[in-house]
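**Student:** Got a structure for you, questions after.
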C-alpha cells in the first residue's frame, strides 16, 4: 500500500457553496449547529433547525458526509469537530467559526477527521493561528496548503476502521472514569447538604416557616445572612495588563479566582505601574469572596482567602464579605453558599436570566436565608466537610491522571495510525484495550 505526498486541498474542498436547490427553497428547514452543538468527542446535537432564508448568509454550510472543525481558540485546541451525519434534509448551517471540508472521491471522511485530530496537525495549526487574544483562528490557507502523506482508499478505510474500534474502547474507559467522578461529586454534595441541614449531632428538625430553609434544628438561627455581616463591599475595575502580576507588582483579581473549590490567587492581572493601587480593595486572610458577575453556573460561587496576599486587590466582579466572628466562621459561610438552598436563592435573584452572563446585587447576598448552628458546631461541621473533601480530592486527582493518560494515549494512537507509523497487519486487536485497561488500573 502506497502513501502519496499531497496537500489537503487535493483531498478535500474547503467551505463548499450552498446547494442550488436549497437557495431556491428559502423556507425549507435544515439543521442548525451553533458551536455548542458540536462536541469535542465528535458528537452532534441536532435538535435545532432553521429556515434556509434565515441562515444562508453569515454561517458555515455543510452536508452529510462533510467534516467540520472549529477554527477559533479555544474550541480548536479542545478538538471540537465532527463528521456531519443525519442532518435535516441532508444539509445544515452552523457557526461561522467552523471550517468545512468536503472529502473528494476516494477520500474516507473518517480518515480525514482523524487526520485533522492528529497531534502534529493540531500543533502546526495552533502555531499558524492569526489574530489576537481569544479571537485567534486557523486560517483557511493553512488548511488548504497543509502537506500530508496520504494513503490510498483501501488503507484509509483500514486505518479508519482500526481507529473507530480502538478509540471507542478508550472512550468507554474514559466515560467510566467520568461517571465515577460524577458519583463522587454527587455523594459529596449529598453529605454536605445533610451536615448543613442537621449538623454533626443529627438534631431533630423543626419547621421554620421559611421557604428556602423549611426545617432546622431548634438551637440554630435561621436568619438573613446580613445578620452575620460586618460589611459587604465590591472591588474596582482599573485598566490592567493582560498578564498576571509578577513578584513585587500589584495584581487585581479576576472573577475566576473563586471558580474552583479553593481560592486561586494566580487568577489576577497586573496593575500598570502608572496606576496607584486602591488600598481600600486590599485582600486579607479570612475574607470570603463571592462572584458577582459570571456565567449562570458560576455566579455566586464563593471561596475563602486562606493566606496573606499583600499585593492583591479586589476586582469589581467580586464581593468581599466581612463576617461577625461571634455569629459565623468564614469556612462555614463558604460551605453554605455552595449549598442547594443558597444556589436556588441566587438563581432566583440573579439578573440577566436570558443571558449566559448573570449578575447578583448586594441585596441578593444580604437577604440569603441561612441556617446557622452555634460556632462550636460550625467548627465540627467544617472539619468533617474538610476531611471528606480532602479524601475525595485525592481520589479525583487519581481519576484525572488516568483520564489524562488515556487521552494522551488516544492522541498518540491516532497520530501514529494516520502517519503510517503502525503496521496494522501485524498489530494485534487485543493490544489496545489491554494497554488502555493497564493505564486505568495502574
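**Student:** Can you name the condition, by its number, that residue 147 falls short on among (1) modelled with pLDDT under 95; (2) more than 11 Å from residue 417 (Cβ to Cβ)?
**Tutor:** Failing condition for residue 147: (1).
**Student:** Scan the range 179-221 for residues that are assigned to a helix (DSSP H, G or I) and loosely packed, with under 12 Cβ neighbours inside 10 Å and report the count.
**Tutor:** Residues of the range 179-221 assigned to a helix (DSSP H, G or I): 179-198.
Among the residues that remain, those that are also loosely packed, with under 12 Cβ neighbours inside 10 Å are: 179, 182-183, 186, 190, 194.
Residues flagged as assigned to a helix (DSSP H, G or I) and loosely packed, with under 12 Cβ neighbours inside 10 Å within the range 179-221 amount to 6.
**Student:** Within the range 28-45, does at least one residue satisfy the condition of being within 27 Å of residue 136 (Cα to Cα) and over 31 Å from the mean Cα position of the chain (by Cα)?
**Tutor:** no
**Student:** Mind listing whichever residues of the range 41-55 are part of a loop (DSSP other than H, G, I, E, B) and at pLDDT 90 or above?
**Tutor:** 42, 43, 45, 46, 47, 48
**Student:** Sticking with this structure for a sec: Of the residues 337, 348, 395, which single one is buried (at least 20 other Cβ atoms within 10 Å of the Cβ) and either at negative phi or touching a strand residue (DSSP E or B) at 6+ places or on another chain (Cβ under 8 Å) (or both)?
**Tutor:** Answer to the selection: 337.
**Student:** Please find, among 366, 379, the residue that is at pLDDT 95 or above and touching a strand residue (DSSP E or B) at 6+ places or on another chain (Cβ under 9 Å). Break it down into steps so the answer makes sense when it comes.
**Tutor:** On the way: 379 fails: touching a strand residue (DSSP E or B) at 6+ places or on another chain (Cβ under 9 Å).
Result of the check over 366, 379: 366.
**Student:** Say we look at the range 267-293 and pick out the residues that are touching a helix residue (DSSP H, G or I) at 6+ places or on another chain (Cβ under 8 Å) and assigned to a loop (DSSP other than H, G, I, E, B); which of these is nearest to residue 248 (Cα to Cα)? Spell out how you get there, then give the answer.
**Tutor:** Looking only at the range 267-293, we keep the residues that are touching a helix residue (DSSP H, G or I) at 6+ places or on another chain (Cβ under 8 Å), and these are 267-268, 286-293.
Then keep just the ones that are assigned to a loop (DSSP other than H, G, I, E, B); that gives 267, 286-287, 292.
Details: 267: 16, 286: 22, 287: 22, 292: 28 Å.
This residue is 267.
**Student:** Within the range 244-266, work out how many residues are part of a loop (DSSP other than H, G, I, E, B), under 25 Å from the mean Cα position of the chain (by Cα) and farther than 20 Å from residue 386 by Cβ.
**Tutor:** 4
**Student:** Tell me which residues, restricted to the range 233-265, are more than 23 Å from residue 286 (Cβ to Cβ) and without any contact (Cβ under 8 Å) to a residue 12 or more places away in the chain.
**Tutor:** Residue satisfying the conditions is 247 alone.
**Student:** Please indicate, with yes or no, whether at least one residue in the range 122-135 is in a helix (DSSP H, G or I), farther than 15 Å from residue 12 by Cβ, assigned by TED's automatic domain parsing to the domain that holds residue 42 and in contact with a helix residue (DSSP H, G or I) (Cβ under 7 Å, 6 or more places away or on another chain).
**Tutor:** Taking every residue of the range 122-135 in turn, none turns out to be in a helix (DSSP H, G or I), farther than 15 Å from residue 12 by Cβ, assigned by TED's automatic domain parsing to the domain that holds residue 42 and in contact with a helix residue (DSSP H, G or I) (Cβ under 7 Å, 6 or more places away or on another chain).
**Student:** So which of 224, 244 ends up being at pLDDT 95 or above and surrounded by fewer than 18 Cβ atoms within 10 Å (Cβ to Cβ)?
**Tutor:** The unique qualifying residue is 224.
**Student:** Only one of (1) under 27 Å from the mean Cα position of the chain (by Cα); (2) part of a helix (DSSP H, G or I); (3) in the same structural domain as residue 12 (by TED's automatic domain parsing) fails for residue 76. Which number is that?
**Tutor:** Residue 76 satisfies every listed condition except (2).
**Student:** Mind counting the residues in the range 7-26 that are touching a residue at least 40 places away in the same chain (Cβ under 8 Å) and assigned to a helix (DSSP H, G or I)? Don't jump to the end; show me each part of the working.
**Tutor:** Of the range 7-26, the ones touching a residue at least 40 places away in the same chain (Cβ under 8 Å) are 7-19, 22.
From what's left, assigned to a helix (DSSP H, G or I): 8-10, 22.
Selection size over the range 7-26: 4.
**Student:** Ok, one more. Can you tell which of 42, 79 is in contact with a strand residue (DSSP E or B) (Cβ under 6 Å, 6 or more places away or on another chain), surrounded by 15 or more Cβ atoms within 10 Å (Cβ to Cβ) and at positive phi?
**Tutor:** Among 42, 79, only 42 is in contact with a strand residue (DSSP E or B) (Cβ under 6 Å, 6 or more places away or on another chain), surrounded by 15 or more Cβ atoms within 10 Å (Cβ to Cβ) and at positive phi.
**Student:** Anything in the range 309-367 that is touching a residue at least 24 places away in the same chain (Cβ under 8 Å) and in a strand (DSSP E or B)? List them, or say none.
**Tutor:** Residues satisfying the conditions are 312, 313, 315, 318, 319, 320, 321, 322, 323, 357, 358, 359.
The values are calculated or read from the model by the stated rules, or taken from the named source; none is laboratory data. Every value quoted in this text rests on a predicted model; they were computed, and no experiment measured them. Here the Cβ is made from the backbone with ideal geometry for all residues, glycine too, and neighbour counts use every protein chain on show.
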